[in-house]
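Trainee: Got a structure here, written out as structure tokens. Questions coming.
The values are calculated or read from the model by the stated rules, or taken from the named source; none is laboratory data. Note that the structure is predicted; figures quoted are calculated from it, not measured. Cβ atoms come from the backbone with ideal geometry, glycine included; neighbour counts cover every protein chain shown. With ligands, DNA and RNA removed, areas are computed over all heavy atoms of the protein, side chains included. Shrake-Rupley method; radii C 1.70, N 1.55, O 1.52, S 1.80 Å.
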Amino acid sequence: METVSFSIANYCVPCQAHCSYCLLSSCGQTSGVNYRQSTQFAHRVLAELSEKKPDIRGSFYIGYCMDTPDLWDYIRFSREHLSPGAGFLQMNGFAFREEKELHSIMQRIHDEGVKLIDLTIYGAEEYHDRFAGRKGDFKLVMQMMSAAAKSDLPVNISIPLLQSNLNQLEELTKILSDYPVHKFSCFLPHSKGRGKTLQDQRITLEQFESLPDRIRNAFSKIPHRTEAEWLKSGEWEQPEKRNLTLVLKRDNIRSFELMNAVEIIAYLEELDDRFLIQMPTISELAERYGDPENDQLFRFRDLLLKWQQCYIANAGNTIYDMHDETHHFSVHI
């Protein structure tokens, strides 16, 4: 499999929310390393990568949240290395603030050259706060939208489609119409992190088709089918390319500081190659775990993820899961 891109991740900023489908199963703690240490490391490795393997795109990002005094340095670092953080920021999980301070933050983000921020809304206020794991989160998102608008900073609102929030979407879009939102988009959550607990919340084709045009038109353009339709079609493209991500932690940073970029890429490729060897073929997974009666919607990558998670669980969780983004991981394209 061809490696086409490489990322360095440092989960060094605590997230104040506790969302029910958290990709990284964040719990208000951090697992990353000192920010300065990580940028020094990333600067060196990305420079080596550009020289030794120019065909592989390199980038660096931080998590679990953007709520850090190092944000301005991070934006500039991202711009220098052509990383996504220079132009786009995911802004969920901020601590509560007064409106004046929020406006100051948004103005600074605009002035630093960020072109778009993203905020996620899960449903109407009570539902949203429950899903986000803290009372007042919905109000904070609305305040952040207003502050961004005052700073001429475009905002995308992301809305996950779940069986439990479908009856709130019309109310939610009416609320958003009162705010100067740049756009909103709808998506189906995957089952990484705590998202595994929401498999029964995945919507069906019938439910999707019953949604208002405005919601369906804002839905992801990536092909989605029911599990039954995917199985019947047999149109399963075998991934040929991959992105590899090195996740920095306090117990591994020293060892990677002793390695050069080529050695780090080789280390991650070996991890991913081992995962691919241990995993059955797509056809074998489909035969073993596919449900020909399931009318829930999936993009194929997420359906394959579900099957692979079943296999890993049945293997006693002894396989290093390259889809788990809490440690080094890959995304197959």
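Trainee: Report, ordered by the first and then the second residue, all pairs with beta carbons closer than 6 Å, sequence separation of six or more or different chains, a first member in the stretch 228-253 that is farther than 19 Å from E270 by Cα, and a second member that is loosely packed, with under 14 Cβ neighbours inside 10 Å.
Mentor: From residues that are farther than 19 Å from E270 by Cα, the pairs are A228/P292; L231/P292.
Trainee: Any residue at all in the stretch 290-300 that's open to solvent by less than 10 Å² (accessible area, probe 1.4 Å) and not small (G, A, S)? Break it down stepwise before answering.
Mentor: Just the residues of the stretch 290-300 that are open to solvent by less than 10 Å² (accessible area, probe 1.4 Å), to begin with: 297-298.
Filter once more, so that each one left must be not small (G, A, S): 297-298.
So far as the stretch 290-300 goes, yes, one or more of its residues are open to solvent by less than 10 Å² (accessible area, probe 1.4 Å) and not small (G, A, S).
Trainee: Any residue in the stretch 173-185 that is farther than 13 Å from V155 by Cα sitting within a Cβ distance under 9 Å of a residue that is outside any loop (DSSP other than H, G, I, E, B) and at pLDDT 85 or above? List the pairs, counting only those 6 or more apart or interchain.
Mentor: Once the first residue is farther than 13 Å from V155 by Cα and sits in the stretch 173-185, its partners that are outside any loop (DSSP other than H, G, I, E, B) and at pLDDT 85 or above give T173/I159; T173/F184; T173/R214; T173/I215; I175/E125; I175/M142.
Trainee: Within the stretch 315-322, can one find any residue that is in contact (Cβ under 8 Å) with a residue 60 or more places away in the chain, open to solvent by less than 40 Å² (accessible area, probe 1.4 Å) and either within 24 Å of R202 (Cα to Cα) or of a type in the set (S, T, N, Q) (or both)? Walk me through how you get there before you give the answer.
Mentor: Our first condition is that a residue be in contact (Cβ under 8 Å) with a residue 60 or more places away in the chain; within the stretch 315-322, this holds for none.
No; the residues of the stretch 315-322 include none that is in contact (Cβ under 8 Å) with a residue 60 or more places away in the chain, open to solvent by less than 40 Å² (accessible area, probe 1.4 Å) and either within 24 Å of R202 (Cα to Cα) or of a type in the set (S, T, N, Q) (or both).
Trainee: Grab the strands (runs of 3 or more DSSP E) fully contained in the stretch 1-104, keeping just those with 1 or more residues being open to solvent by 80 Å² or more (accessible area, probe 1.4 Å) and of a type in the set (D, E, K, R).
Mentor: So the answer is 2-11, 57-63.
Trainee: So, one more: Just one of (1) touching a helix residue (DSSP H, G or I) at 6+ places or on another chain (Cβ under 6 Å); (2) part of a helix (DSSP H, G or I); (3) more than 30 Å from K53 (Cα to Cα); (4) not hydroxyl-bearing (S, T, Y) trips up V262, so point out which.
Mentor: Exception for V262: condition (3).
Trainee: Next question. Can you name the residue in the stretch 203-217 that is part of a loop (DSSP other than H, G, I, E, B) and open to solvent by 20 Å² or more (accessible area, probe 1.4 Å) and is also modelled with the lowest pLDDT among such residues?
Mentor: Here the answer is P212.
Trainee: Additional query: What number of residues within the stretch 137-177 satisfy the criterion of being not in a loop (DSSP other than H, G, I, E, B) and not hydrophobic (A, V, I, L, M, F, W, C)? Steps first, answer last, please.
Mentor: Quick first cut of the stretch 137-177, residues not in a loop (DSSP other than H, G, I, E, B) only: 137-150, 155-160, 166-176.
Cutting the leftovers down to not hydrophobic (A, V, I, L, M, F, W, C) gives us 137, 139, 143, 146, 150, 156, 158, 160, 167-168, 170-171, 173-174.
Counting residues in the stretch 137-177 that are not in a loop (DSSP other than H, G, I, E, B) and not hydrophobic (A, V, I, L, M, F, W, C) gives 14.
For (1) out of contact with any Leu (no Cβ under 6 Å at 6 or more places or on another chain); (2) over 23 Å from A228 (Cβ atoms), each residue gets a yes or a no:
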{"residue": "R274", "(1), (2)": "yes, yes"}
{"residue": "S283", "(1), (2)": "yes, no"}
{"residue": "G290", "(1), (2)": "no, no"}
{"residue": "R299", "(1), (2)": "yes, no"}
{"residue": "N317", "(1), (2)": "yes, yes"}
{"residue": "Y320", "(1), (2)": "yes, yes"}
{"residue": "H327", "(1), (2)": "yes, yes"}
{"residue": "V331", "(1), (2)": "yes, yes"}
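Trainee: Might you check whether a residue that is at pLDDT below 95 and open to solvent by less than 70 Å² (accessible area, probe 1.4 Å) occurs anywhere in the stretch 256-265?
Mentor: No: the stretch 256-265 contains no residue that is at pLDDT below 95 and open to solvent by less than 70 Å² (accessible area, probe 1.4 Å).
Trainee: Which count do you get for residues in the stretch 194-209 that are touching a Ser or Thr at 6+ places or on another chain (Cβ under 8 Å) and closer than 21 Å to H18 by Cβ? It would help to see each step written out before you state the result.
Mentor: Going through the stretch 194-209, the residues touching a Ser or Thr at 6+ places or on another chain (Cβ under 8 Å) turn out to be 194, 197-199, 201, 204-205.
Add one more test, that the residue is closer than 21 Å to H18 by Cβ, and what stays is 194, 197-199, 201.
Residues flagged as touching a Ser or Thr at 6+ places or on another chain (Cβ under 8 Å) and closer than 21 Å to H18 by Cβ within the stretch 194-209 amount to 5.
Trainee: Right, next: Among the residues of the stretch 149-179, count how many are over 22 Å from E206 (Cα atoms), open to solvent by 50 Å² or more (accessible area, probe 1.4 Å) and not acidic (D, E).
Mentor: Result for the stretch 149-179: 4.
Trainee: Has the stretch 129-142 got at least one residue that is open to solvent by 50 Å² or more (accessible area, probe 1.4 Å), farther than 30 Å from Q37 by Cα and touching a helix residue (DSSP H, G or I) at 6+ places or on another chain (Cβ under 7 Å)?
Mentor: yes
Trainee: Answer yes or no as to whether S220 is in contact (Cβ under 8 Å) with a residue 24 or more places away in the chain, of a type in the set (S, T, N, Q) and open to solvent by less than 70 Å² (accessible area, probe 1.4 Å). Give the derivation first.
Mentor: Values: in contact (Cβ under 8 Å) with a residue 24 or more places away in the chain: yes; of a type in the set (S, T, N, Q): yes; open to solvent by less than 70 Å² (accessible area, probe 1.4 Å): yes.
Yes.
Trainee: Show the residue pairs meeting these rules: Cβ distance below 7 Å; 6+ apart or different chains; first residue within the stretch 126-151 and more than 21 Å from Y21 (Cα to Cα); second residue among the β-branched types (V, I, T) and open to solvent by 10 Å² or more (accessible area, probe 1.4 Å).
Mentor: M145/V181
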